[in-house]
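**Q** Before I ask anything, let me first share the structure, which is written out below as structure tokens.
The values are calculated or read from the model by the stated rules, or taken from the named source; none is laboratory data. The structure presented is a predicted model; accordingly, all values stated were derived computationally and were not measured. Glycine gets a Cβ as well: all are built from the backbone with ideal geometry, and neighbour counts include every protein chain shown.
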Amino acid sequence: MSNQVDIKTNLARVQDRIAAAARRAGRTRDEVTLVAVTKTHPAQVVEAAYQAGLRDLGENRVEEASVKIPAFQELTSGSAHLRWHMIGHLQRRKARLAVTLFDVLHSVDSLRLAQRVNRMTEESDRLIPVLLEVNVSGEASKYGFDLSPAAGQEARARFIADVEQILALPYLRLCGLMTMAPIVADPEQARPVFIALRTLRDDLSKRFPEADWSQLSMGMTDDFEVAIEEGATMVRIGRAIFGSRRTC
């Protein structure tokens with residue numbers, strides 16, 4: 001099991017790398033939120049992460065989070081506050097549970113899902129921050145609104161129409177975009193994906209200036225420095241902090 005000393009040491013290295021990448025881009029460290037991905041790690045590791053100073057944690061699966069989050073709260077007697085981020089694919093049928101567990105949803109990848117989340121959030125009498133997941137690389141294995149070059153202008157027009165409807169949903173607070181870059185040997189190969197997401201965000205902020213487009217969730221353990229150089233405001237890092245994922 002990971003221990004607090006390992007997490008502290010690894011976290012310090014990651015924080016230094018985030019700060020260095022931000023400086024290279026003429027940005028400050030405070031402009032980047034580190035979302036530590038605890039997928040497959042038990043509640044005891046989450047507690048160690050909390051003790052190391054982490055306050056933003058990401059989970060990929062609703063089922064796993066539904067066990068882990070209460071277990072963590074029990075370990076801390078419910079006194080510790082974390083911001084939980086849903087960063088994995090979210091199925092519509094799990095939206096009700098997701099809005100009770102998570103503080104931020106990074107992976108709203110369709111109008112239908114947005115509408116479902118809005119209904120579930122209304123039932124729980126809250127407003128939930130969401131990001132729209134966009135597939136800008138065109139990889140078939142990736143979820144998200146397909147805005148890859150191959151999708152063409154028709155897909156972009158559909159996306160703009162969907163965004164208009166999502167912005168009208170009263171219980172969602174749209175605050176930016178998320179993407180998953182391809183797994184590549186050289187992080188520089190992921191740079192065009194991050195540039196494409198930032199460019200899309202800039203275009204949307206001009207088209208819909210009334211909305212909050214401040215967040216760009218992009219970059220993971222192997223490429224987060226490049227993502228920060230290209231404007232990431234949230235990076236999702238697991239392995240560099242916690243080590244290899246456990247087998248479920």
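**Q** So which residues in the stretch 114-162 are part of a helix (DSSP H, G or I) and over 27 Å from Val99 (Cα atoms), if there are any at all?
**A** Our first condition is that a residue be part of a helix (DSSP H, G or I); within the stretch 114-162, this holds for 114-123, 149-162.
Pro149, Ala150, Ala151, Gly152, Gln153, Glu154, Ala155, Arg156, Ala157, listed by residue number.
**Q** If we scan the stretch 33-43, do we find a residue that is in a helix (DSSP H, G or I) and over 24 Å from Asp109 (Cα atoms)? So that I can check it myself, show each step before the final result.
**A** Our first condition is that a residue be in a helix (DSSP H, G or I); within the stretch 33-43, this holds for 43.
Now narrow it down to the ones that are over 24 Å from Asp109 (Cα atoms): 43.
Yes: the stretch 33-43 contains one or more residues that are in a helix (DSSP H, G or I) and over 24 Å from Asp109 (Cα atoms).
**Q** So if I check each of Val104, Val108, which one is at pLDDT 95 or above, in contact with a helix residue (DSSP H, G or I) (Cβ under 9 Å, 6 or more places away or on another chain) and not hydroxyl-bearing (Ser, Thr, Tyr)? Step through it out loud before you land on a result.
**A** Numbers: Val104 fails: in contact with a helix residue (DSSP H, G or I) (Cβ under 9 Å, 6 or more places away or on another chain).
The conditions single out Val108.
**Q** Based on this model, can you work out whether Leu90 counts as without any contact (Cβ under 8 Å) to a residue 40 or more places away in the chain, closer than 30 Å to Arg158 by Cβ and part of a loop (DSSP other than H, G, I, E, B)? Steps first, please.
**A** Details: without any contact (Cβ under 8 Å) to a residue 40 or more places away in the chain: yes; closer than 30 Å to Arg158 by Cβ: yes; part of a loop (DSSP other than H, G, I, E, B): yes.
Here the answer is yes, as Leu90 does meet what is asked.
**Q** Moving to a separate point now. Please indicate, with yes or no, whether at least one residue in the stretch 67-84 is closer than 24 Å to Phe145 by Cβ, touching an Asp or Glu at 6+ places or on another chain (Cβ under 9 Å), modelled with pLDDT of 95 or more and surrounded by 15 or more Cβ atoms within 10 Å (Cβ to Cβ). Please lay out each step first, then the result.
**A** Narrowing the stretch 67-84 to residues closer than 24 Å to Phe145 by Cβ: 84.
Next, only the ones that are touching an Asp or Glu at 6+ places or on another chain (Cβ under 9 Å) stay: 84.
From what's left, modelled with pLDDT of 95 or more: 84.
If we keep only those that are surrounded by 15 or more Cβ atoms within 10 Å (Cβ to Cβ) too, we end up with 84.
So far as the stretch 67-84 goes, yes, one or more of its residues are closer than 24 Å to Phe145 by Cβ, touching an Asp or Glu at 6+ places or on another chain (Cβ under 9 Å), modelled with pLDDT of 95 or more and surrounded by 15 or more Cβ atoms within 10 Å (Cβ to Cβ).
**Q** Specify the residue that is farthest from Val14 (Cα to Cα); the eligible residues are those in the stretch 217-230 that are in a loop (DSSP other than H, G, I, E, B) and over 14 Å from the mean Cα position of the chain (by Cα).
**A** The initial filter retains those residues of the stretch 217-230 that are in a loop (DSSP other than H, G, I, E, B), namely 218-223, 230.
Remaining after also requiring over 14 Å from the mean Cα position of the chain (by Cα): 222-223, 230.
Numbers: Asp222: 11, Asp223: 12, Glu230: 18 Å.
Out of the qualifying residues, it is Glu230.
**Q** Something else: Looking at the stretch 199-216 only, could you name the residues that are touching a Leu at 6+ places or on another chain (Cβ under 7 Å) and either in a helix (DSSP H, G or I) or surrounded by 15 or more Cβ atoms within 10 Å (Cβ to Cβ) (or both)? Can you show your working first?
**A** Here is the first cut: in the stretch 199-216, the residues touching a Leu at 6+ places or on another chain (Cβ under 7 Å) are 200-201, 208, 211-213, 215-216.
Result: Leu200, Arg201, Phe208, Ala211, Trp213, Gln215, Leu216.
**Q** Just to be sure before I move on: is Gln165 assigned to a helix (DSSP H, G or I), out of contact with any Pro (no Cβ under 7 Å at 6 or more places or on another chain), of a type outside the set (A, V, I, L, M, F, W, C) and more than 20 Å from Pro129 (Cα to Cα) in the structure I sent? Don't jump to the end; show me each part of the working.
**A** Values: assigned to a helix (DSSP H, G or I): yes; out of contact with any Pro (no Cβ under 7 Å at 6 or more places or on another chain): yes; of a type outside the set (A, V, I, L, M, F, W, C): yes; more than 20 Å from Pro129 (Cα to Cα): no.
When the stated conditions are applied, Gln165 does not pass them.
**Q** Ok, one more. Out of the residues in the stretch 135-152 that are surrounded by 12 or more Cβ atoms within 10 Å (Cβ to Cβ), hydrophobic (A, V, I, L, M, F, W, C) and free of Cβ contacts under 8 Å to residues at least 60 places away in the same chain, state the one that is nearest to Arg198 (Cα to Cα). First the steps, then the outcome.
**A** Residues of the stretch 135-152 that are surrounded by 12 or more Cβ atoms within 10 Å (Cβ to Cβ), as a first pass: 135-139, 142-148, 151.
Of the ones still in play, those that are also hydrophobic (A, V, I, L, M, F, W, C) are 136, 145, 147, 151.
Filter again for free of Cβ contacts under 8 Å to residues at least 60 places away in the same chain, leaving 145, 147, 151.
Details: Phe145: 15, Leu147: 13, Ala151: 18 Å.
Out of the qualifying residues, it is Leu147.
**Q** Between residues in the stretch 153-170 that are of a type outside the set (D, E, K, R) and residues that are surrounded by 11 or more Cβ atoms within 10 Å (Cβ to Cβ) and in a loop (DSSP other than H, G, I, E, B), which pairs lie under 7 Å by C-beta distance while being six or more apart or on different chains?
**A** So the pair list comes out as Ala155/Leu147; Phe159/Leu147; Val163/Phe208; Leu167/Phe208; Leu167/Ala211.
**Q** Checking the conditions here, which among Gly219, Gly238 is crowded, with 19+ Cβ neighbours inside 10 Å and at positive phi?
**A** Details: Gly238 fails: at positive phi.
Residue meeting the stated conditions: Gly219.
**Q** Is it fair to say Ile195 is of a type in the set (Val, Ile, Thr), at pLDDT 95 or above, touching a Gly at 6+ places or on another chain (Cβ under 7 Å) and assigned to a helix (DSSP H, G or I)? Give the steps one after another, and end with the answer.
**A** Values: of a type in the set (Val, Ile, Thr): yes; at pLDDT 95 or above: yes; touching a Gly at 6+ places or on another chain (Cβ under 7 Å): no; assigned to a helix (DSSP H, G or I): yes.
No.
**Q** Within the stretch 50-90, count every residue that is closer than 11 Å to Phe102 by Cβ and touching a Gly at 6+ places or on another chain (Cβ under 9 Å).
**A** Quick first cut of the stretch 50-90, residues closer than 11 Å to Phe102 by Cβ only: 57-59, 62, 65-66, 69, 82-88, 90.
From the residues that got through so far, the ones that are touching a Gly at 6+ places or on another chain (Cβ under 9 Å) too are 58-59, 62, 84-88.
Total satisfying the criteria: 8.
**Q** Another question, if that's okay. How many residues does the stretch 18-37 hold that are among the polar types (S, T, N, Q) and within 16 Å of Gly238 (Cα to Cα)? Explain how you work it out, then say what you get.
**A** Residues of the stretch 18-37 that are among the polar types (S, T, N, Q), as a first pass: 28, 33.
Then keep just the ones that are within 16 Å of Gly238 (Cα to Cα); that gives 33.
Number satisfying all stated conditions: 1.
**Q** Another question, then. What are the residues in the stretch 44-64 that are small (Gly, Ala, Ser) and either outside any loop (DSSP other than H, G, I, E, B) or in contact with a Pro (Cβ under 9 Å, 6 or more places away or on another chain) (or both), if any? Full working, then the answer.
**A** Going residue by residue through the stretch 44-64, those that are small (Gly, Ala, Ser) are 48-49, 52-53, 58.
Ala48, Ala49, Gly58 - these are the residues of the stretch 44-64 that are small (Gly, Ala, Ser) and either outside any loop (DSSP other than H, G, I, E, B) or in contact with a Pro (Cβ under 9 Å, 6 or more places away or on another chain) (or both).
**Q** While we're looking at this one, here's another question. Tell me, please, whether a residue that is charged (D, E, K, R) and not in a helix (DSSP H, G or I) can be found in the stretch 169-176.
**A** Of the stretch 169-176, the ones charged (D, E, K, R) are 173.
Add one more test, that the residue is not in a helix (DSSP H, G or I), and what stays is 173.
Looking through the stretch 169-176, at least one residue is charged (D, E, K, R) and not in a helix (DSSP H, G or I).
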